[in-house]
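Just so you know, all these numbers are worked out from the coordinates, no wet-lab data involved. Since this is a predicted model, take the numbers as computed values, not measurements. Virtual Cβ from ideal backbone geometry, glycine too; neighbours counted across all protein chains shown.
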Amino acid sequence: MPVYFHPEFLKHRQTGYHPERPERLVRIMGLHDELKLGAEVKQAGPATDEQLLRVHEGSYLDMLRDFGEGPYDPDTYIRPETFGIARLAAGAGISAARDTVGARRSNIVLARPPGHHSGRNYAGGFCYLNNVAIAARALQAEDGVDRVAILDFDVHHGNGTSDVFYRDPHFLYVSTHQWGIYPGTGLAEADGEGPGAGFNVNIPFLQGMGDATFKDAMDRIVRPIVTQFDPGAVLVSLGGDAHYADPLGGLTLSSKAFVETYLVAHELARDLGVGGATYFLEGGYNIDALAEVVWGVHEGFSGRTVPYRFNDVADAERMGTSIVDRVVQVHSKHWKL
């Protein structure tokens, strides 16, 4: 199963010591070599203007292109090379999604900068172009995929992805995230609008929730809704920051449970006849934990495992049962749950 990577992704820099740093990818690729995994590494060219404009406003793209150098906001810094590297990351996502649909196999996009906090006309949260949304629109417009499911298991709500598809019933967006942290969105009751009502599924967990809570959500919400939606493609925002070892979040997934959570997308794609899922790297800032989750997922596509160092904390109780119940109540009017 391939991964998409380009050396240019290592040239993207924020400012000062920043959690979204090149060492994230350096460590991921380093662990690949240490474990002698032998993954096929592929490259792709940049996304075109036409592909970007299906998601982002032209004036926003012009701003990114012409910004120069300086802070967009306190967490998100723009340099002259930022737009070009972000465009390359978006292109890798499109190529990977097409690879999944055409070859009927799962793969992972190891790209920086990440994208799920970027909306039609805004950056933020270390993100500039919404890689997963751009790939989803490309599959619809260029490959005839009518319905796309996007599963986002980052510790932060993917507000940009949610906003882009909030009124569109052709795109199912499902997010597990920690409530009360950046970006402050993702209430269970925010379930879509107009024709998109029911197609935006937020599962807002509280600090401390982990393994058993995530499994409960996968079994009672994610699996049944995705199955009923019956997508032609499954895309995944792969954030490693819901891990108990991550410095930016307060959820407590162990590596093993995190991998099992992400493999739900692969299993659903296989069972629905899609063949595989495409995974887009988003957050994850303990670089050792992130690397073992990434390769645990990759090897899991073929039924293999990797050794886990981060498995000593787990949520033994169903701490989030009441939250899962609440989301089920919200979405029972849209789906059979």
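List of remarks:
- Around the Cα centre of the range 2-331, unit charges on the Cβ atoms of Lys, Arg, Asp and Glu (plus for the first two, minus for the last two) sum to a dipole of about 520 debye.
- Taking a ≥ b ≥ c as the square roots of the eigenvalues of the alpha carbon gyration tensor, the range 112-246 is oblate, as a/c is not under 1.5 and a/b does not beat b/c.
- Global geometry of the range 205-337, whether rounded, prolate or oblate, following the gyration tensor of its Cα atoms and the 1.5 cut on a/c: oblate
- By the beta-carbon count within 10 Å of each Cβ, the least crowded to most crowded order of Val41, Val327, Val294, fewest first, is Val41, Val327, Val294.
- In terms of distances greater than 30 angstrom between alpha carbons, the cross-link table entries Lys215/Lys336; Lys215/Lys333; Lys42/Lys215 yield Lys42/Lys215.
- Cut-off under 5 Å, modelled amide H: who pairs with Leu238 long-range: Phe280, Leu281, Glu282
- Listed residue (His334, Gly284, Thr252) projecting farthest to the positive dipole end of the range 244-337, Cβ model: His334
- Alpha-carbon radius of gyration plus Dmax, which is the widest Cα pair, for the chain in Å: 18.0, 51
- The spacing between the range 38-61 and the range 218-240, judged by their C-alpha centroids, is 23 Å.
- Potential lengthening between Glu189 and Lys215 on full extension [0.36 nm per residue; Cα-Cα distance subtracted]: 7.2 nm
- Amide proton proximity set for His177, modelled H, under 5 Å, gap of 5+: Ile203, Phe205
- Considering only the chain, percent of DSSP beta bridges that pair antiparallel, nearest 5: 15 percent
- Kyte-Doolittle at least -1.0, axis length at least 18 Å by Cα - qualifying DSSP helices, the chain: 82-103, 255-271, 287-300
- Under 5 Å from the amide H of Ala277 lie the amide H atoms of Ser106, Asn107, each residue being 5 or more positions distant or on a separate chain, with H modelled from the backbone and absent for Pro and chain starts.
- Rounded to the nearest 500, the helix-only mean residue ellipticity at 222 nm of the chain stands at -11000 deg cm²/dmol, with each DSSP H run of n ≥ 4 adding -39,500 (n - 2.57).
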